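Take a look at this one; I'll ask things after.
The values are calculated or read from the model by the stated rules, or taken from the named source; none is laboratory data. For clarity, every value in this text was computed on a predicted model and none was experimentally measured. All Cβ positions, even for glycine, are placed from backbone atoms using ideal geometry, and neighbour counts span all protein chains on display. Each accessible area value is taken on the protein alone, full model and side chains, heavy atoms only, with ligands, DNA and RNA left out. Shrake-Rupley method; radii C 1.70, N 1.55, O 1.52, S 1.80 Å.
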Amino acid sequence: MSSHADISKDSTVELLTAQGLKVVPPNLIEEHPIAKLPLVRLTGSPQEIGAEHGTKLSDRIERAFELYRSKLFSQWTDASLKAISLSFFERIQEFSQPYAVELEAIASHAGRSLWEIIMLISRTEILRSSTPNECTSIYFKQSSILGQNWDWVEEFENLAVIFDVTRQDGFRFLSLGEPGFVKIGLNAAGVGVCLNILKCQAPTGGIPVHILLRKVLDSRSLNEAYHAITAAERATMSNILIADDSGKYVNLELSGNQLFALNSDEVEVNNVVVHTNGFLTSKREKIDLPEETESSAARIVRAKSLTSTQNGRHEADMLKILLDQEGNLPICRQSETNIFDGLTYGTVSTVVMNLRERKLIFSQGNPRNGIFSCVSISDSI
């Protein structure tokens, strides 16, 4: 995609503008270094991708580290954080040497210690889901459209980016991510992934869930992604929804080293898959003290209600659900201060993925601002 791509003829733009949303070309980080959710292109070998990542995002990585270190990990000592982060790195090395090389290159070119980058990518496991009030995921089976709200600390509106990564072999993926690692996205094979953090008393310490997400984005099929996760040394608490362009999906709930593959009765309404931040598996008795916030419970009820009464299955229909603001605990959340930790949480971005068209639509910051962009794997680099 050129830096000034013509989006005027895109049918998605017509659908979104009809809803009163403003659709603009994505900002390239080289041209707009302080923009919300700019596009960051990375290409080449693991070493080259990591070097570009660390160089282009060095300032954002520094600010992200300081945010986590000073506000979310304030009770930890540097020595303890370093020790646990490097233990995660040892597992990552065993899981994927190319990922280890890439992470070392990110650290080197961002001017950071390796453990600081690993702390970022392992933040879910270190935090142990202390604030599981983030995210709503939806998948339209009939049209292979996958979507998610990413709810997190408000400061990440100015730190998060959209990654456009092309590996040395030409395989490409698009992903929303934090400085230092990728998160939610889709790839050239039509495989997409969403993440919802869960909470229970299971121990953490396996492969970080964000490394598992990266493995999904590097997979050429749904089955390859599924088997990669089931074979990994897991010790995390998350829901991973993987879907493809044929209408197939796997919805996995992770509790420590346990994995529960949800069936259609547990997650589907009217051929639509819905998940928030509570365990839905019927085998809940096997989970150590599963917890769910009021927000998560309210959001899944509302999402299922909207799904059951909706006839359309297009990107705009997905956005109608994800941008819904009804109730005291809405699906699309305005940033509010948490009385327990003093941080401000809200919907950082909304992402919709058309897996058949290999297209990613995202809001530039909180979607209540109404500014969206679109990028496609079919676009030229």
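Under the condition of being touching a strand residue (DSSP E or B) at 6+ places or on another chain (Cβ under 8 Å) and under 19 Å from residue 95 (Cα atoms), which residue from region 251-264 is surrounded by the fewest Cβ atoms within 10 Å (Cβ to Cβ)?
So, considering only residues that are touching a strand residue (DSSP E or B) at 6+ places or on another chain (Cβ under 8 Å) and under 19 Å from residue 95 (Cα atoms), the one surrounded by the fewest Cβ atoms within 10 Å (Cβ to Cβ) is 259.
Also, quick follow-up: Can you tell which of 225, 188 is at pLDDT 95 or above, more than 22 Å from residue 257 (Cα to Cα) and of a type in the set (A, V, I, L, M, F, W, C)?
188
Only one of these conditions is not met by residue 142: (1) at pLDDT below 95; (2) closer than 26 Å to residue 68 by Cα. Which number is it?
(2)
So residue 214 fits all but one of (1) open to solvent by 30 Å² or more (accessible area, probe 1.4 Å); (2) closer than 20 Å to residue 358 by Cβ; what number is the exception?
(1)
Something else about it: Within the bounds of region 234-242, is there any residue that is more than 21 Å from residue 142 (Cβ to Cβ), in a helix (DSSP H, G or I) and either at pLDDT below 95 or charged (D, E, K, R) (or both)?
There is no residue in region 234-242 that is more than 21 Å from residue 142 (Cβ to Cβ), in a helix (DSSP H, G or I) and either at pLDDT below 95 or charged (D, E, K, R) (or both).
With respect to residue 342, is the statement that it is more than 23 Å from residue 238 (Cα to Cα) and open to solvent by 10 Å² or more (accessible area, probe 1.4 Å) true?
Here the answer is yes, as residue 342 does meet what is asked.
What residue, among those in region 345-365 that are more than 15 Å from the chain's Cα centre (by Cα) and farther than 17 Å from residue 137 by Cβ, is surrounded by the fewest Cβ atoms within 10 Å (Cβ to Cβ)?
Residue satisfying both the conditions and the ranking: 356.
A further question follows. When residue 63 is evaluated against the numbered criteria (1) surrounded by fewer than 20 Cβ atoms within 10 Å (Cβ to Cβ); (2) without any contact (Cβ under 8 Å) to a residue 40 or more places away in the chain; (3) of a type in the set (Lys, Arg), which criterion, by number, is the only one it fails?
So residue 63 meets the others, but not (2).
Please go through region 317-339 and give me each residue that is touching a residue at least 40 places away in the same chain (Cβ under 8 Å) and either closer than 30 Å to residue 74 by Cα or surrounded by fewer than 21 Cβ atoms within 10 Å (Cβ to Cβ) (or both), ordered by number.
Across region 317-339, the qualifying residues are 320, 323, 325, 331, 332, 333, 335, 338.
All but one of (1) open to solvent by less than 60 Å² (accessible area, probe 1.4 Å); (2) at pLDDT 95 or above hold for residue 12; state the number of the condition that does not hold.
Of the numbered conditions (1) open to solvent by less than 60 Å² (accessible area, probe 1.4 Å); (2) at pLDDT 95 or above, the odd one out for residue 12 is (2).
When you check residue 207 against the structure, is it touching an Asp or Glu at 6+ places or on another chain (Cβ under 9 Å), among the β-branched types (Val, Ile, Thr) and buried (at least 21 other Cβ atoms within 10 Å of the Cβ), yes or no?
Judged against the criteria, residue 207 is a match.
Next question, about the same structure. Between residues in region 358-381 that are of a type in the set (Lys, Arg) and residues that are assigned to a loop (DSSP other than H, G, I, E, B) and open to solvent by less than 10 Å² (accessible area, probe 1.4 Å), which pairs lie under 7 Å by C-beta distance while being six or more apart or on different chains?
358/190; 368/332
Name the residue, out of 267, 273, that is touching a Phe, Trp or Tyr at 6+ places or on another chain (Cβ under 6 Å) and open to solvent by less than 50 Å² (accessible area, probe 1.4 Å).
Answer to the check: 273.
Specify which of the listed residues (304, 248) is among the basic types (Lys, Arg), in contact with a helix residue (DSSP H, G or I) (Cβ under 9 Å, 6 or more places away or on another chain) and surrounded by fewer than 22 Cβ atoms within 10 Å (Cβ to Cβ).
Unique residue meeting the criteria: 248.
Here is a follow-up. Mind listing whichever residues of region 67-101 are open to solvent by 60 Å² or more (accessible area, probe 1.4 Å), in a helix (DSSP H, G or I) and of a type in the set (Ser, Thr, Tyr)?
Of everything in region 67-101, just one residue is open to solvent by 60 Å² or more (accessible area, probe 1.4 Å), in a helix (DSSP H, G or I) and of a type in the set (Ser, Thr, Tyr), namely 70.
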